Amino acid sequence: MWVPLTQFGPITLLLKSKNRLVFLFVALLLTGCTSIPSGIEPVQDFNLQRYLGKWYEIARYDHSFEQGLEQVTAQYSLRNDGGVKVVNRGFNQQEQAWEEAVGKAYFVDDESTGHLKVSFFGPFYASYVIFSLDIQDYDYAMITGPNRDYLWILARQPKLPPEVMQNLLEKAGDAGFDTQKLIFVDH
């Protein structure tokens, strides 16, 4: 039921304005999580069908949600709603057990741009920016998040040839990432 604002006076108007500001702030915060780091360009002419399937995590920055995990893989498949199902799996050496996280991803702009938003926790999304990709065979990729605090190197095989790995490390360094912080994953 609508009640005229004039009935409650300026305090109600201020409270409603604050609620709007809070809503706007939260909306901007959540939108900001799907942003692209300055100077990073997502790959163009991206083909989701070719990207689907199993990827091996070759290297990553250390984060609490992956700490201690080895043999990490990501499996991408289509969802019924047009999005992408994401299944990340890794072996926790300390617990001697497999851990798995299931999420969903959607394109932020158009489907030919390698910029998606991914969620593992309800309505909260973060950027998944593919900024380097083997366009010919889709054999390896580099991904970042909304800022340079995130970096993953993925490949279709558990190991990359040394010359390919060196090339990716140089590209990452040129893009402003500290490659000394990378953890190389055992498979």
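The values are calculated or read from the model by the stated rules, or taken from the named source; none is laboratory data. Note that the structure is a prediction, hence the values are computed from the model and not measured. Here Cβ is always computed from backbone atoms with ideal geometry, including for glycine, and neighbour counts include all displayed protein chains. Note: areas computed on protein heavy atoms with side chains; ligands, DNA, RNA excluded. Shrake-Rupley method; radii C 1.70, N 1.55, O 1.52, S 1.80 Å.
Things worth noting here:
- Ordering of 74-85, 147-158 by packing is 147-158, 74-85, highest average first (other Cβ atoms within 10 Å, averaged per residue).
- Legend: residues Lys54, Lys104, sorted from most to least accessible area (1.4 Å probe; ligands, DNA and RNA excluded), read Lys54, Lys104.
- Gyration tensor (alpha-carbon) shape descriptor, the stretch 36-182, a/c threshold 1.5: rounded
- Modelled label reach - Asp62, point 7 Å along Cα→Cβ, the stretch 149-176 residues with backbone N closer than 18 Å: 149-153
- Solvent accessible area, Å² - Val164, 1.4 Å probe, full protein context: 30 Å²
- Residue pairs exceeding 25 angstrom between C-alpha atoms, taken from Lys54/Lys104; Lys104/Lys181; Lys85/Lys171: Lys104/Lys181; Lys85/Lys171.
- Fully extended contour minus Cα-Cα distance, from Leu78 to Glu99, at 0.36 nm per residue: 5.4 nm
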